[in-house]
1. Using a 10 angstrom cutoff on alpha carbons, build the Gaussian network for the chain and name the most mobile of Ala78, Ala60, Ala27.
2. With +1 on each Lys and Arg Cβ and -1 on each Asp and Glu Cβ, how big is the dipole of the chain about its Cα centre, in debye rounded to the nearest 20?
3. May I ask you to list the residues of the stretch 50-90 whose amide nitrogen lies under 11 Å from a point 7 Å from Cα along the Cα→beta-carbon direction of Ile41?
4. Using only helices, what value at 222 nm comes out for the chain when you add -39,500 (n - 2.57) per DSSP H run of length 4 or more and divide by the total residues, to the nearest 500 deg cm²/dmol?
5. Given that just one value was derived from the coordinates, which of (i) 3, 13, 22, 20, 15, 11, 8, 6, 3, 1; (ii) 2, 13, 20, 17, 14, 11, 9, 7, 4, 1, 0; (iii) 3, 14, 28, 26, 17, 8, 3, 0, 0 is P(r) over Cα pairs in 5 Å bins from 0, in percent?
6. Which one, Ile76, Ile41, Gln54, projects farthest toward the positive side of the charge dipole computed for the chain from Cβ point charges (K/R +1, D/E -1)?
7. Which FRET efficiency, nearest 0.05, do Ile34 and Leu86 yield, Cβ-Cβ r, R0 35 Å?
8. Below 16 Å, Cα to Cα, which aspartates and glutamates can Lys62 reach? Residues fewer than 8 away in the same chain don't count.
Amino acid sequence: MNFPVLSFLYFLVCGIAELILWIKMVAIIQSKGIELNASFIIPFQYVKFWRIIQGETDHAMKKKYKRLFWIQIAIIPAYLIGEFLLLPFG
């Protein structure tokens, strides 16, 4: 495979992973009774999720929520790297 195809696949995999994690995070936020617009990803929604994590009393759920949060944060730079790798070929 050549470089543009590999970088596109990398970009696609990161995007799908981020989308799945985003849907899980939105479901958790909405299950706590907080309304939000799930169409757009904005930093304030991450702040809302972090506040939910801090208010969680069940240790196992808190650990699960933190893992979900930090994996999402870690994917953002990988997603951007894929974007910059695709930029010269676009």
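1. For the chain, modelled as a Gaussian network with Cα springs under 10 Å, the answer is Ala60.
2. Numbers: 9 positive and 5 negative charges, 82 e Å.
In debye, rounded to 20, the chain gives about 400.
3. Zone members listed by number: 72-80.
4. Values: 3 runs with 70 residues, N = 90.
Calculated at 222 nm, the ellipticity per residue is -27500 deg cm²/dmol.
5. (i)
6. Working it through, the farthest residue towards the positive pole turns out to be Gln54.
7. Numbers: r = 35 Å, r/R0 = 0.99.
E(calc), rounded to 0.05, equals 0.50.
8. Partners found: none.
None of the figures in this text is laboratory data; all of them are computed from the coordinates on show. Every value quoted in this text rests on a predicted model; they were computed, and no experiment measured them. So basically every Cβ, Gly included, is an ideal-geometry build from the backbone, and we count neighbours across all protein chains shown.
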